[in-house]
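I have placed the structure first, in the form of structure tokens, so that the comments after it can refer back to it.
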Amino acid sequence: MRILLVQTWLGRKQHPVLPVGLALIAGSLPSHEIRIEDLNLSGSPMDRLRSVLADYRPDCVGFSMRNADTTSYTDRYSYISRCLEQIELTSRSCPDAYIMAGGAGFSIFAEQIMGYSGHIHCGVTGHGELIVDKLVGERASGIFRGAEGVFLSPRLDLISVDSYMPFEKNLAVGVEVNRGCDRRCTYCSYSAISGESVRERPLEQIREDILYFSGKGSRHLFLIAPVLNNRKARGMEVASTIGHLNSGITWEAYHTALDFDSEYASSIFDSGCRAVSFSPDGGTAGQMRRTRKDYDPAILESAITAAVSSGIEVSVNIFPWDSAGGIPEMIRAFRNGTRWGRLAGSRLRRLRFSLIRRLPRTRFEPASVSRSGRIPMREFVRPSVPGMLLFRVMKRLYERDLIKT
């Protein structure tokens, strides 16, 4: 069977991200003829899709929706309408083709997206490697949850890696390290997408992927994991594996501040880590407790200090607003965030103040995905109109470091 796997066009110009998920799906379909197409690499994505469908004549088309929308209130853009157009075009061009959808963006809003489109025969939420072959063979209909299972090797040979290398610093080239998250932060969708238990990919598979990318000329990688150091020892094992390759590769990853001490920071820096991202979520101890973070501001400050002292750049993402603390706590959160940014000094890569995007299966339901090109403001956890005005002013001033604390 000829199967076309498509990374959906986001609908506007954005840097592409290598479709690791599609490479993993391709690796689970050894008895089929597979082609991977990332429409974000084309200057004319819809024309490219028409051409590929006409030339390849697939029996099955699988669409990966990497994101449903930006989740950003300052850039309230929904990718869904363009995704649906691509699926509709495929249905018209190949009326006998079996059409599937999956990916992180689809997984979060699967029921709504299936409701928007009458052309998707089958949807897969979570990781689909262990069930896709069976679903394709049966031409199953409906929504199916992927199995957690074992890690398979991705078919990276089906992807033009050099197309993504100019965007490496934008996290475009990734290597999967861990799946799942057991931290249960109140706003986060990671556990809904990939499961509530952490599965650690074998070090040998990680090593093989890094050597493959290095051989293709990649110099900077993003290590894919909800948090790399879910266990400190695990993070150090991965760092040691990378360091022993002597490949000259640099890398970055999301981290928890818990157990991120000077020993850990020194170890990952020596292996090539040049940046880490922390998401304390709240800007005060109270906000962090309410979002179920398992550390407090003092632990975050210690982690920032350990990172920058070892030469590692730091990004910090904060949600300064929650209704329980109101305006006074929001002001403290902005001030604390700026203090943390100053603590990072010249090693601060980014300090971001944002609003929580409402998502299904979190504390902040109800949530929906917009079929139009714009996310309604009701999809964000936000203060009233006067409070929102203050939020915008403080965000602008603090992110530009114009207020002295």
Dipole of the chain, positive direction: furthest Cα of P376, H255, S163, with charges on the beta-carbon
P376
Hits among lysines - C-alpha to C-alpha of K169 under 24 Å, sequence gap 8 or more where chains match
K13, K216
What three numbers, in Å, describe the spread of the alpha carbons of the range 135-258 along their principal axes, ordered from the longest?
45, 39, 26
Extended-chain gain in nm, criterion 0.36 nm per residue less alpha-carbon gap, R57 and D261
68.0 nm
To the nearest 20 debye, what is the magnitude of the charge dipole of the chain about its Cα centre, counting +1 on the Cβ of each Lys and Arg and -1 on the Cβ of each Asp and Glu?
1600
Along principal axes, largest first, the alpha-carbon spread of the range 160-399 in whole Å comes out as 55, 42, 33
Å³ per residue enclosed by the Cα convex hull of the range 291-405:
138
Cα-only radius of gyration and Dmax that characterise the range 341-405, units Å:
15.3, 42
Compare A233, A192, A97 in a GNM of the chain, Cα atoms joined below 10 Å, and give the one with the largest fluctuation.
A233
Let me see the P(r) profile for the range 2-145: every Cα-Cα distance counted, bins of 5 Å, each bin given as a percent of all pairs.
2, 10, 22, 25, 22, 13, 4, 1, 0, 0
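For the chain, what is the convex hull volume of its Cα atoms per residue in Å³?
Dividing the Cα hull volume of the chain by its residue count gives 131 Å³.
Sorted from fewest to most neighbouring beta carbons within 10 Å, what does the list H119, H255, H220, H15 look like?
Starting with the residue having the fewest Cβ neighbours, the order is H15, H119, H220, H255.
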What residue among A110, G21, S279 has its Cα farthest toward the positive end of the dipole of the chain, where the charges are +1 on Lys, Arg and -1 on Asp, Glu, each on the Cβ?
S279
Please report the spacing between the Cα centers of the range 206-236 and the range 117-157 in Å, no decimals.
25
Part-to-part distance (alpha-carbon centres) for the range 176-201 and the range 1-77, which is given in Å:
24
Per-residue ellipticity at 222 nm for the chain, helices alone: DSSP H runs ≥ 4 residues times -39500 (n - 2.57), over residue total, nearest 500 deg cm²/dmol?
-11000 deg cm²/dmol
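Since every read-out is calculated from the coordinates, none of them should be taken as a lab result. None of the values given here were measured: they were computed from a predicted structure. Counting neighbours? That spans all protein chains shown, and the Cβs are built from the backbone with ideal geometry, glycine included.
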